[in-house]
Amino acid sequence: MRLLLTAAAIAALAGPATAAELLLGAYGHDITFLGETFGVGAAGREDGVDIHVGVRSERVEALAMIGGPQAHAFLSLNSENTSNYVAAGLSWPIAITEKLYFRPGLGLAYTDGETDLPPVNAPGLTPAEIARRLHLYNTRIDFGSQVLFQPELSLGYRFNDRWSGELSWVHISNGQIFASGKNQGMDQAGLRLSRRF
């Protein structure tokens, strides 16, 4: 319930923009191709599939000085109920051809995932407690903060005036700004459909 209330609050921060598109997507949760290549993000600790449900506005004319982006808000629910989150931000559709486009975006997210896992090497722990903590370390992301940055990149195709499909990558992490110390992020990649109203 707290996650849904936070989603409503973040969506309200997106500004006075009317909803123009409904979004529905399926993503791999905590994928590791970027982490292995660039040494960022988590090491594929969490499993499952994420379902994204959200909205995008028309272009926000009040933000014309930064390219008139669209505001977005979405909820990401994990099939294993590990790290769910809500996010809101801005994205800029950039036409490549009449139907093909590129869309960078940036937002803020709030997660119900782990933010302060207990250390495995604390003195005086029983073997059972060490095993419990080690299991948590190997199966959960420690975001370090519940408030996170949410950059994304998408490559989209407009099938017609109403429907578009996007190949999308979304990342969430604290960027060492919302917290110091742990900064295990999460990458997601998947497909989403967009339907214009």
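The values are calculated or read from the model by the stated rules, or taken from the named source; none is laboratory data. Model, not experiment: these values are computed from the prediction. Backbone-built Cβ (ideal geometry, glycine too); neighbour counts: all protein chains shown.
Under the condition of being in a strand (DSSP E or B), within 24 Å of residue 44 (Cβ to Cβ) and of a type outside the set (Ser, Thr, Tyr), the residues counted in the range 80-104 number 2.
Could you grab me the full set of residues in the range 122-179 that are among the aromatic types (Phe, Trp, Tyr), under 18 Å from residue 94 (Cα atoms) and within 14 Å of the chain's Cα centre (by Cα)? Matches in the range 122-179: 169 only. Contact map, the range 61-79: first residue part of a helix (DSSP H, G or I), second residue surrounded by fewer than 22 Cβ atoms within 10 Å (Cβ to Cβ) and modelled with pLDDT of 95 or more, Cβ cut-off under 9 Å, separation 6 or more or different chains; pairs are 66/92.
Every residue, every condition in (1) at negative phi; (2) surrounded by fewer than 17 Cβ atoms within 10 Å (Cβ to Cβ); (3) at pLDDT 90 or above; (4) in contact with a strand residue (DSSP E or B) (Cβ under 9 Å, 6 or more places away or on another chain), yes or no:
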site: 15; (1), (2), (3), (4): no, yes, no, yes
site: 22; (1), (2), (3), (4): yes, yes, yes, yes
site: 29; (1), (2), (3), (4): yes, no, yes, yes
site: 35; (1), (2), (3), (4): yes, no, no, yes
site: 50; (1), (2), (3), (4): yes, no, yes, yes
site: 53; (1), (2), (3), (4): yes, yes, yes, yes
site: 67; (1), (2), (3), (4): no, yes, yes, yes
site: 70; (1), (2), (3), (4): yes, no, yes, yes
site: 76; (1), (2), (3), (4): yes, no, yes, yes
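A search for C-beta distances below 7 Å between a residue of the range 131-154 that is touching a residue at least 24 places away in the same chain (Cβ under 8 Å) and among the basic types (Lys, Arg) and any residue that is in a loop (DSSP other than H, G, I, E, B) and loosely packed, with under 15 Cβ neighbours inside 10 Å, counting only pairs 6+ apart in sequence or on different chains, returns nothing.
Could you list all residues from the range 173-189 that are surrounded by 15 or more Cβ atoms within 10 Å (Cβ to Cβ), out of contact with any Gly (no Cβ under 6 Å at 6 or more places or on another chain) and of a type in the set (A, V, I, L, M)? Scanning the range 173-189 gives a single hit, 186.
The residues in the range 116-145 that are under 25 Å from residue 174 (Cα atoms), surrounded by 14 or more Cβ atoms within 10 Å (Cβ to Cβ) and out of contact with any Gly (no Cβ under 8 Å at 6 or more places or on another chain) can be counted, and the count is 7.
Quick check on the range 37-48: of everything there that is over 20 Å from residue 153 (Cβ atoms) and not small (Gly, Ala, Ser), which residue is modelled with the lowest pLDDT? Restricting to residues being over 20 Å from residue 153 (Cβ atoms) and not small (Gly, Ala, Ser), the top hit is 45.
Going through (1) touching a Ser or Thr at 6+ places or on another chain (Cβ under 7 Å); (2) surrounded by 18 or more Cβ atoms within 10 Å (Cβ to Cβ) one by one, residue 104 falls short only on (2).
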